[in-house]
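The values are calculated or read from the model by the stated rules, or taken from the named source; none is laboratory data. What you see is a predicted model; the values in this text were computed from it and never measured. So basically every Cβ, Gly included, is an ideal-geometry build from the backbone, and we count neighbours across all protein chains shown. Accessible surface is based on the protein model in full, side chains and every heavy atom, while ligands, DNA and RNA are left aside. Shrake-Rupley method; radii C 1.70, N 1.55, O 1.52, S 1.80 Å.
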Amino acid sequence: MAAGSPPPLEPIPMPVYRDEGFADKFRRKTRENPLVPLGCLCTLGVLTYGLISFKRGNTRHSQLMMRARVMAQGFTIAALLGGMVATALKARS
């Protein structure tokens, strides 16, 4: 290893957003990564439908919906991770 001073570390400046409320922040985040809210809505819909089926006594359909819920949650996590990677790559360039 070469002796000498290490290169200076320059922190990446964080983006500065104006004072925004919940609705503004939600719209901005949805525009940045639109698949995450879509995945959350799909998960909620499948979960609700599965619980309704369970209450009505249709266990076969309820079990199918719970499996679909797990798949929807997996899609949401994949969308979240994909959005994080895309944001990180965009910040580098």
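Worth pointing out:
- Within the set 72, 91, 86, 68, the sole residue that is part of a helix (DSSP H, G or I), in contact with a Cys (Cβ under 6 Å, 6 or more places away or on another chain) and either of a type in the set (A, V, I, L, M) or at pLDDT below 90 (or both) turns out to be 72.
- Conditions (1) farther than 28 Å from residue 85 by Cβ; (2) β-branched (Val, Ile, Thr); (3) not in a helix (DSSP H, G or I): number failed by residue 16: (1)
- Residue match in segment 73-89 (condition: at positive phi, open to solvent by 60 Å² or more (accessible area, probe 1.4 Å) and not charged (D, E, K, R)): no
- Residues of segment 2-51 that turn out to be surrounded by fewer than 14 Cβ atoms within 10 Å (Cβ to Cβ), of a type in the set (A, V, I, L, M) and in contact with a helix residue (DSSP H, G or I) (Cβ under 8 Å, 6 or more places away or on another chain), as a count: 1
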